[in-house]
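Worksheet: one structure, shown below.
All of the numbers you see were taken from the coordinates with simple rules; none came from a lab. As the structure is a computational prediction, the values presented were derived from the model and not from experiment. Don't worry about glycine lacking a Cβ; one is built from the backbone with ideal geometry, like all the others, and counts go over all protein chains shown.
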């Protein structure tokens, strides 16, 4: 059996022109997770990351603090869904049905609550679309499931594997393990903390959930500012 540790990236730069890089707090979160793993003598046989800069920066920060020199392999399937593409494709329908969302759309990168509201509604609309595009819930979910199988195959015989990724792929992975509905999976994705650890067990065929959204490495610091979702 192989345990796949799905680790959400540390806090990125929400609201800035270049979102896809860690904030100062994000670098601290990554280092805290790495130090926690080092103290627990927890090492990984293989380490994967999604292709985004925040994935790679988090992986590098965690591995450095953990004292690990394990090479990092990139798996494109663990990229986050392209939120702007999702919004652009569904904005006319969204605003026609709910005109008051125009204000939330305009404020989406300055107010996390507005971002949550408008993106969540766009994703809910996408649930009913069966296109294979990765800009639909169905297409994105298939991409992540393919990535899970790819990781399971490439790490056959390994005991512990790490995958640094985003909240969306983690939610889809939990959905695959628990047979959740797409609507529940979407809402689950909003609950995934930065640098949280979720563990999926696999025998190479199916997947089962062992741990979800663990942040013990942050909680022991007794600093509520470390617990972030954006």
Discussion item. Helix-only estimate, please: 222 nm mean residue ellipticity of the chain, summing -39500 (n - 2.57) across DSSP H runs of length 4 or more and dividing by its residues, to the nearest 500.
Written reply: -14500 deg cm²/dmol
Worksheet entry | Candidates 94, 188, 63, ranked by Gaussian network fluctuation over the chain, Cα under 10 Å, top entry | 94
Response to the item:
At R0 = 30 Å the Cβ-Cβ FRET efficiency linking residue 116 and residue 73, nearest 0.05, sits at 0.40
Worksheet item: Out of 196, 166, 68, any idea which swings most in a Gaussian network model of the chain, alpha carbons joined below 10 Å?
Response: 68
Worksheet item: With each label point set 7 Å from Cα along the Cα-Cβ vector, what nm distance links residue 223 and residue 158?
Response: 3.0 nm
Fill in: Candidates 92, 169, 51, ranked by Gaussian network fluctuation over the chain, Cα under 10 Å, top entry
92
Discussion item. Once you place label points 7 Å from the Cα toward the Cβ at residue 149 and residue 181, how far apart are they in nm?
Written reply: 2.6 nm
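Over its Cα atoms, what ratio of radius of gyration to 2.2 N^0.38 Å does segment 83-126 give? Let's see the in-between values first.
Numbers: Rg = 9.1 Å, N = 44, 2.2 N^0.38 = 9.3 Å.
Cα Rg divided by the expected 2.2 N^0.38 Å: 0.98.
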Worksheet item: What list of whole percents do you get for P(r) of the chain, with Cα-Cα distances grouped in 10 Å bins up to the one holding the largest distance?
Response: 8, 34, 36, 18, 4, 0
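Using the 2.2 N^0.38 Å rule of thumb for compact globular proteins, work out how segment 37-103 stacks up: its C-alpha Rg over that value, please.
So the Cα radius of gyration is 1.75 times the expected 2.2 N^0.38 Å.
Take every Cα pair under 8 Å in the chain that's 6+ residues apart, average their separations, divide by the length, and report that relative contact order as a whole percent. Spell out each step's value before the answer.
Working: 426 pairs, mean separation 70.6, N = 230.
So the answer I get is 31 percent.
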